[in-house]
Structures are given as structure tokens and as C-alpha cells.
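Each remark here refers to the structure printed beneath this line.
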Amino acid sequence: MTKAIFSDQVILVTGAANGLGAAVAKAYASSDATVVLLDKDVAGLEATYDTITAHYVKPAIYPLDLKGASVSDYADLASTLETHFGRLDGLVHCAATLGQLGPVEHQDPQSWAETLHINLTAPFLLTRACLPLMKQQTSSTIIFTTDEYKDIAYWAGYGISKAGIETLAKQLQDELEHEGRVHIYCIEPGQFQSQLHYHAFPGLNPSDFPLPDDVTDPYLTLMQSS
């Protein structure tokens, strides 16, 4: 990827405090995008902000807890983006929670509901709020992150939410195809080093898997191709 591919573009990345979200945000910034960093972890957001600012276009920070955010919170976010930037060219969903892994009959209902909310309902609400602004662009892109473990035993609410994300992406593709302005993609980045992966597979050696920085190419390629 050469520098300045995303010059003058504004891209919102969720889960940007660490892991995949931080890596994706840095990758876009390295190609001159103005990145809006969204996460509930303020300290992590500031660390990502500092890293990007030291080398690339200064990003923006937008702290938001997806678990507790209301419909009006997402509307406020979209309004803030329009006020400060006047545009939104990309929305990239990287935030996720693992929740409780185990048999369905042993699932804690509250944990199940929270996992589905953070991984599926929150991306829906955020996408819904941002769509009017993104439709104002000649071309904009929404990228969802999925997982191959969406329909495997014991993956519970996490797996269900990822299956739902793929269906949401397909619905949006069908609904927006005739307009040709907002392009929808789903990326399955595979296994890589992260806190979520460590908690899901505590017996595996993290060093056997790539770093988040090593799995960002599809996010750059699909954003560029739209």
C-alpha cells in the first residue's frame, strides 16, 4: 500500500483501543486517512492516538461503551461526525466481546444478551445512525468483522452474533446495491494474537499466530476498491 491512498477520507473504526481495531486504524492512518477511534477504553484510545499522531494524520477520539450506548448516543455520534468533518467515507466494525463459551443449556442469560448486544445490535445501531451521512458520498464503505467459529458447538452468543453480522451485511448489500454508493463487506481475518483469542484458546501459544498488524491488508484492499 502506498501512502495517501485515503487522503481526505474520514474512517471510523470501532474497537480501536487495542488489538485488531487499533491495528486497522493505524493502517488507514498510514495511508493518510483521518481516523476516528471509537472504544470504551479511554487509556487504550489515547495510546492508539499517540502512536498515530507521532507518524501520521492526527486522528480523533470518540469514547463510547457499546454495551450501554443508547439510540440517541449513536445519533449524537453521527451528528458530531457531520459537524466536525462533514463526511464519513468508511465505517469499520472491529469491536467484539467473547462472552461465555459453553453449552447452550449452561449459558448465563445476561451474558448471552450482552454478547449479542455488543457484537450484533450495537453494530446495527451504529450503522443505522451513520448511513445517512455515508450516503452523501459518491462512494463509501462499511466493513464488518466475522469469525469462522460462528456455527460451532460451545461458541454460544459469540458465534450466534457473528452469524448475525454476516446476515446483516448481506441484507445491507441487497438493500443498497441499486444505489451504488455504500459498499458492504464482511471480513474473516482468521486467528491472530489478541486478548479475545487468548481467552478463547488459553492452551495455545500466542506466538504461533500472526500479530493484528499482519492481518489488516483485507481492510485496506476493500476500502480502497470501493
Right, VAL71: in contact with a strand residue (DSSP E or B) (Cβ under 9 Å, 6 or more places away or on another chain), closer than 21 Å to PRO123 by Cα and at pLDDT 95 or above or not?
-> no
The residue that is nearest to LEU172 (Cα to Cα), considering only those in the stretch 77-129 that are surrounded by 15 or more Cβ atoms within 10 Å (Cβ to Cβ) and of a type in the set (Asp, Glu), is ASP89
Of these, TYR149, TYR154, TYR198, which one is in a loop (DSSP other than H, G, I, E, B), over 16 Å from the mean Cα position of the chain (by Cα) and of a type in the set (Phe, Trp, Tyr)?
-> TYR154
Is it the case that the stretch 86-93 has a residue that's assigned to a helix (DSSP H, G or I) and touching a residue at least 40 places away in the same chain (Cβ under 8 Å)?
-> no
Going through the stretch 208-226 in order, the residues found to be part of a helix (DSSP H, G or I), open to solvent by 50 Å² or more (accessible area, probe 1.4 Å) and under 24 Å from THR97 (Cβ atoms) are ASP208, ASP213, ASP214, PRO218
Search the stretch 130-146 for residues being in a helix (DSSP H, G or I) and open to solvent by less than 60 Å² (accessible area, probe 1.4 Å), and hand back the single one that is nearest to SER70 (Cα to Cα).
-> CYS130
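Results for (1) on the phi < 0 side of the Ramachandran plot; (2) β-branched (Val, Ile, Thr), shown as yes or no for each residue.
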{"site": "GLY15", "(1), (2)": "no, no"}
{"site": "VAL57", "(1), (2)": "yes, yes"}
{"site": "PHE85", "(1), (2)": "yes, no"}
{"site": "GLU114", "(1), (2)": "yes, no"}
Please find, among ASP50, ASP32, the residue that is among the charged types (D, E, K, R) and at positive phi.
-> ASP32
Considering only residues that are open to solvent by less than 10 Å² (accessible area, probe 1.4 Å) and either among the hydroxyl-bearing types (Ser, Thr, Tyr) or in a loop (DSSP other than H, G, I, E, B) (or both), look in the stretch 19-58 and name the one that is farthest from LEU116 (Cα to Cα).
-> SER31
In the stretch 65-76, what residues are surrounded by fewer than 19 Cβ atoms within 10 Å (Cβ to Cβ) and of a type outside the set (Gly, Ala, Ser)?
-> ASP65, LYS67, VAL71, ASP73, ASP76
If you check LEU133 against the conditions, is it more than 17 Å from the chain's Cα centre (by Cα) and in contact (Cβ under 8 Å) with a residue 40 or more places away in the chain?
-> yes
State all residues of the stretch 177-195 that are closer than 22 Å to THR97 by Cα, open to solvent by 40 Å² or more (accessible area, probe 1.4 Å) and in a loop (DSSP other than H, G, I, E, B); if no residue qualifies, say none.
-> GLU188, GLN191, GLN193
How many of the residues in the stretch 50-94 are in contact with a Leu (Cβ under 6 Å, 6 or more places away or on another chain) and under 27 Å from ALA4 (Cα atoms)?
-> 9
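The values are calculated or read from the model by the stated rules, or taken from the named source; none is laboratory data. Fair warning: this is a prediction, and the values are worked out from it, not measured in the lab. In this analysis, Cβ positions are derived from the backbone assuming ideal geometry, glycine residues included, and neighbour counts consider all displayed protein chains. Heads up: the accessible areas ignore ligands, DNA and RNA and are worked out on the full protein's heavy atoms, side chains in. Shrake-Rupley method; radii C 1.70, N 1.55, O 1.52, S 1.80 Å.
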